[in-house]
Amino acid sequence: MPRPLPLYGLMAEFDTPDQLLAAVKQARADGYRRLDAYTPMPVSGMGEALGTNTSPVAWAALAGGVFGGGGGLFMEWYANVVSYPLNIGGRPEAAWPAFVLPAFELTVLGATIFAALAMLALNRLPCLNHPVFEAPRFSAAEVDRFFLCIEAADPHFRPERTRAFLEACGAVSVSEVPG
């Protein structure tokens, strides 16, 4: 006899984005912290309701820009002053106006690479399969349905209590998501 899969969480289905947004706000107010919403379109205010309005991707992009620009300036300075100094027409060896354009390009390159890598890492990509894909009717999240998943790893999660809570929020259906 096969062993039952552990529970990943409970998935609630809603008819409208307003119902979902209200349920997310109520879940956060009730103490749930490990939850996620799935919608076919962006819902205004959902990031704030989920508590994910700040992203470290911007800080990663800033770090990449500083690293790329600083590395570019150092590389140009080292090549022109230390490694291969040339006296051409009495110009200074460290002529910063000539260094600006390559350093700017390396700043942009570093920022985009760091931002892309941070985005992939924070989204845990590539993820070829996720437990919520096994939830009943979850494919409707691409079309016209709105879903809220409260994870079993949440310290406030109790299966019966969480199911009753989601039903009280006006969910059309509540289903278990196997882990």
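Need one word for region 1-79: rounded, prolate or oblate. Basis is the Cα gyration tensor (sqrt eigenvalues a ≥ b ≥ c); a/c below 1.5 gives rounded, then a/b vs b/c decides.
On the way: a/c = 3.66, a/b = 2.10, b/c = 1.74.
Judged from the Cα gyration tensor, region 1-79 comes out prolate (a/c at least 1.5, a/b above b/c).
Where the accessible area of the chain is counted over protein heavy atoms with a 1.4 Å probe, how much of it, in %, is carbon and sulfur?
Working: 7230 of 11440 Å².
Summing carbon and sulfur atoms, their accessible area is 63 percent of the total for the chain.
Quick one: Karplus J couplings for region 24-32, per residue in order, coefficients 6.51, -1.76, 1.60, θ = phi - 60°, nearest Hz, x for Gly and Pro?
5, 4, 5, 5, 5, 5, 7, x, 6
Any idea of the accessible area per residue across region 58-134, 1.4 Å probe, to the nearest Å²? All intermediate terms of the calculation are to be shown ahead of the outcome.
Working: 5680 Å² over 77 residues.
Accessible area per residue: 74 Å².
Amide H neighbours of G9 under 5 Å, at least 5 residues apart or on other chains, H built in the peptide plane: list them.
Answer set, sorted by chain and number: A152, V177.
Counting only helical runs of four or more DSSP H residues, what would the 222 nm mean residue ellipticity of the chain come to if each run contributes -39,500 (n - 2.57) and the total is spread over all its residues? It would help to have the intermediate numbers written out before the result.
Details: 5 runs with 77 residues, N = 179.
Calculated mean residue ellipticity at 222 nm is -14000 deg cm²/dmol.
Helix 96-122: angle to the longest alpha-carbon principal axis of the chain, degrees 0 to 90, nearest 10?
Relative to the chain, helix 96-122 is tipped by roughly 20 degrees.
Please check which bits of region 89-129 a label hung off M75 would reach, taking the label as a point 7 Å along Cα-to-C-beta and the cut-off as backbone N under 19 Å.
So the set is 94-117.
Using the Karplus curve 6.51 cos²θ - 1.76 cosθ + 1.60 with θ = phi - 60°, what ³J(HN,Hα) values do you get for each residue of region 155-161, in whole Hz, with x for Gly and Pro?
Coupling constants for region 155-161: x, 8, 6, 9, x, 5, 5 Hz.
The values are calculated or read from the model by the stated rules, or taken from the named source; none is laboratory data. Model, not experiment: these values are computed from the prediction. Cβ sites come from the backbone with ideal geometry, for glycine too, and all protein chains shown count toward neighbours. Each accessible area value is taken on the protein alone, full model and side chains, heavy atoms only, with ligands, DNA and RNA left out. Shrake-Rupley method; radii C 1.70, N 1.55, O 1.52, S 1.80 Å.
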